[in-house]
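First comes the structure, then the notes that go with it.
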Amino acid sequence: MLQERRVIEPRKKQQDAGSTRDRILITNSEIAQPNSIPPLVSALKTCAHQNAATFHFPGHNRGRAAPSSLVHLIGLKPFIHDLPELPELDNLFSPEGPILEAQKLAAKLFGSSETWFLVGGTTCGIQAAILATCSPGDYLILPRNSHISAISAIVLSGVIPKYIIPDYDCLWDITAGVTLSQIEKAIEELHMEGQKVGAVFITSPTYHGICSNLTDISKLCHSYEIPVIVDEAHGAHFGFHPQLPSSALQQGADLAVQSTHKVLCSLTQSSMLHMSGNIVDRERICRCLQTLQSTSPSYLLLASLDAARAQLSEKPGSIFNNALDLALETKNLIRNIPGISMLGTLGFSNFPVIDPLRLTFGFWQLGLSGFEADETLYSDQGVISELVGTRSITFAINLGTCRDHIQRLACGIKNLSEASLLSFEKIKGQIEDHCGSAPFSDITVCLNPREAFFARKRKVAIGESLGKICGELICPYPPGIPVMIPGETITKKALEYLVLVKNKGATISGASDPLLNSIVICDV
């Protein structure tokens, strides 16, 4: 890290007294007033406009040597503000200046006791949360449809997973959340076996916007003094409007990790980790984040988190009014189009709350997979969706959504319906043929993920893999939910599901052979 030095301010007299650190604190107390520039944004702006002789990284030297091809694409300003860990910009791992001020403002807005900015995405936050609450040999209770970042955290930490199989709707080919009774059963089973539960990990909302009852789950876990970690990647906007679900922190979670760049407006890869209560050791979180995050964080990402917080804090109770209105308008435009299904709560009676800004439409009554419908919508109307599945497509409504775009979406879906509607007999046959259980409903764990990660492996033809121990983490992406996890027995159902989604157009992530002609197994 660069040593502390004086701030160069051209055309102004330099201050005679006070250290750089003192000046930072004074400046931040001034800029933290309402309607002022966010503290980290202000510090980055001031630093970028210094008349300084620069002999530091990065190598483009504030844009002077920026690659011309990228300058033509995004201009010079991103490079001018792409600065390293200068003293006046503060230190992410021991903040005392603008980062600390920005994180405190975020904590106040989101209702946490402390908030940490993340430049490694929610993946980094989930890994830190699990490492901070679980020790090697502890058990982590989590749904089997958790994001791959939770599995990588299990590998890193040496904890043992206790999987809960979430509700599954075969008609939609969608998994939901977990229930209070499932969590209670898992805790009681582990206690009867004399095992220690390090934490309970919940994904809420899911990628499709389905929310678990975190209030009751948190109360249950806290009665056992077990911390609750919530992967709230898709719910950073929760709690900021009466029509939106309550946030994880509002429902009693101890740690919540949010992708601020998803529905909110920070730059991609920037996220926040929020803590509440006193069950979790904050110092351990700090150590875990220092272990996992880059020692050269992007201040553009950090400043974007500060800016997104400021944008939300300007009118937190009404900023989503227009987005919610457009989401409702979209539903009204599409709900009566023949052959189109709309995801609601009827298929998931245990989960009565769905994010109103996450719209999922099914196309099986048209004889189309989600992938086929998505391709047509893109070529017909230039519609780009958020998530494509075997039976449906999910569209994310956000602060930047405009009426023209929802009208193009509705027009494209209407055209699909008119061109593709099939007879009821054919529809019924397709529905019946598809229904089954979740691809991971009958898992058998032979090795925990860490053991499998370090086990000797070999590659076999996929036809020879049945019954063997999986050696790689394989999942269709997005959403990044594994169908096979290292250490699990390879089942016929899982193999058939992977082949099905691959043939329908899904990208298979994590497999050494994305064509699925072969698969890596643990040679034990």
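The values are calculated or read from the model by the stated rules, or taken from the named source; none is laboratory data. Fair warning: this is a prediction, and the values are worked out from it, not measured in the lab. All Cβ positions, glycine included, derive from the backbone under ideal geometry; neighbour counts span all protein chains shown. Surface areas here come from the heavy atoms of the whole protein model, side chains and all, with no ligands, DNA or RNA. Shrake-Rupley method; radii C 1.70, N 1.55, O 1.52, S 1.80 Å.
Derived scalar couplings between HN and Hα for region 150-159 equal 5, 5, 5, 5, 5, 5, 5, 8, x, 7 Hz in order, rounded to whole Hz, by the Karplus curve 6.51 cos²θ - 1.76 cosθ + 1.60 (θ = phi - 60°), x for Gly and Pro.
Where both partners of a DSSP beta bridge lie in the chain, what percent of those bridges are antiparallel, to the nearest 5? Intermediate values should be presented prior to the final figure.
Working: 33 of 48 bridges.
Close to 70 percent.
Using only DSSP helix segments of four residues or longer, with each worth -39500 (n - 2.57), what per-residue ellipticity at 222 nm results for the chain after dividing by its residue count and rounding to 500? Taken over the chain, the calculation gives -11000 deg cm²/dmol. Ordering PRO95, HIS49, GLN365 by Cα displacement along the dipole of the chain toward the positive end leaves HIS49 in first place; charges were set at the Cβ atoms of Lys, Arg (+1) and Asp, Glu (-1). Between ASP442 and SER296, the modelled label-to-label distance comes to 5.1 nm, taking each label 7 Å out from Cα in the direction of the beta carbon.
Going by the alpha-carbon gyration tensor, a ≥ b ≥ c the square roots of its eigenvalues, is region 98-314 rounded (a/c under 1.5) or, if a/c is not under 1.5, prolate (a/b greater than b/c) versus oblate? Prolate, since a/c reaches 1.5 and a/b exceeds b/c. Relative contact order for region 119-232: 27 percent, from Cα pairs under 8 Å spaced at least 6 residues apart, divided by residue count.
For region 206-249, what is the accessible area per residue in Å², given a 1.4 Å probe and the full set of protein chains?
31 Å²
Checking the cross-link filter: which lysines have an alpha carbon closer than 22 Å to that of LYS493, excluding same-chain neighbours under 8 positions apart? Result set, ordered by chain and number: LYS162, LYS459, LYS468, LYS502, LYS504. Amide H to amide H, with H built 1.01 Å from N, LEU387 comes under 5 Å of THR394, counting only residues 5 or more places away or on other chains. In terms of overall dimensions, the C-alpha atoms belonging to region 73-129 reach 38, 26, 20 Å along their principal axes, ordered largest to smallest. Applying the Karplus relation 6.51 cos²θ - 1.76 cosθ + 1.60 with θ = phi - 60° to region 298-308 yields 3J(HN,Hα) values of 7, 6, 5, 5, 4, 5, 5, 5, 5, 5, 5 Hz, where x marks Gly and Pro.
Only protein heavy atoms count here; under a 1.4 Å probe, HIS81 has an accessible surface of about 40 Å². Each pair of Cα atoms in the chain enters the Kirkwood radius, and Stokes-Einstein at 4 °C and 1.567 mPa s then converts it into a translational diffusion coefficient of 52 µm²/s. Can you bin region 320-425 into rounded, prolate or oblate? Criterion: square roots of the alpha carbon gyration tensor eigenvalues sorted a ≥ b ≥ c, rounded for a/c under 1.5, prolate for a/b above b/c, oblate for the rest. Judged from the Cα gyration tensor, region 320-425 comes out oblate (a/c at least 1.5, b/c at or above a/b).
For ILE74, ILE354, the ranking by accessible surface with the largest value first comes to ILE74, ILE354, using a 1.4 Å probe. Over region 98-197, the fraction of Cα-Cα pairs per 10 Å bin, rounded to whole percents and listed from the shortest bin up, is 14, 33, 33, 18, 3, 0. The ratio of the alpha-carbon radius of gyration of region 449-522 to the globular-protein estimate 2.2 N^0.38 Å is 0.99. The H on the amide N of LYS457, modeled in the peptide plane, is under 5 Å from the matching H of ASP523, each at least 5 residues off or on a different chain.
Order HIS241, HIS274, most accessible first, counting only protein heavy atoms with a 1.4 angstrom probe. Please report the intermediate quantities before stating the final value.
Working: HIS241 25, HIS274 0 Å².
These residues rank, largest area first, as HIS241, HIS274.
Cα to Cα, under 17 Å, and not fewer than 8 places away if on the same chain: which aspartates and glutamates meet these conditions relative to LYS219? Qualifying aspartates and glutamates at Cα under 17 Å: GLU184, GLU188, ASP254.
Altogether, the Stokes-Einstein calculation at 10 °C and 1.306 mPa s, with the Kirkwood radius of region 264-330 over Cα pairs as Rh, returns a diffusion coefficient of 108 µm²/s. Using C-alpha pairs below 8 Å separated by at least 6 residues, the relative contact order for the chain is 13 percent. Calculated FRET efficiency, ASN336 to LYS504, Cβ-Cβ distance, R0 = 41 Å: about 0.95 to the nearest 0.05.
Near SER247, the amide H atoms lying under 5 Å from its own belong to GLY239; only residues 5 or more places off or on other chains count, and H is placed 1.01 Å from N.
Think of each Lys and Arg Cβ as +1 and each Asp and Glu Cβ as -1; about the Cα centre, that makes the dipole of the chain roughly 1080 debye.
In terms of the Cα gyration tensor, with a ≥ b ≥ c the square roots of its eigenvalues, is region 39-81 rounded because a/c is under 1.5, prolate because a/b exceeds b/c, or oblate? Verdict is oblate for region 39-81. For region 231-347, the ratio of Cα radius of gyration to the globular rule of thumb 2.2 N^0.38 Å stands at 1.31.
What order do you get for 444-451, 371-378, 396-403 when each peptide is scored by the mean count of other beta carbon atoms within 10 Å, highest first?
Put in order of decreasing packing, that is 371-378, 444-451, 396-403.
Residue order by solvent-accessible surface for TYR299, TYR224 is TYR224, TYR299, largest first, with ligands and nucleic acids left out and a 1.4 Å probe. Based on alpha-carbon centroids, what's the gap between region 280-320 and region 128-142 in Å, whole number please? If we compute the Cα centre of each part, the gap is 22 Å. Measuring nothing but how far apart in sequence close Cα pairs (under 8 Å, 6+ apart) lie, relative to its length, region 39-81 scores a relative contact order of 40 percent. For GLU314, the solvent-accessible surface with a 1.4 Å probe is about 140 Å², rounded to the nearest 10.
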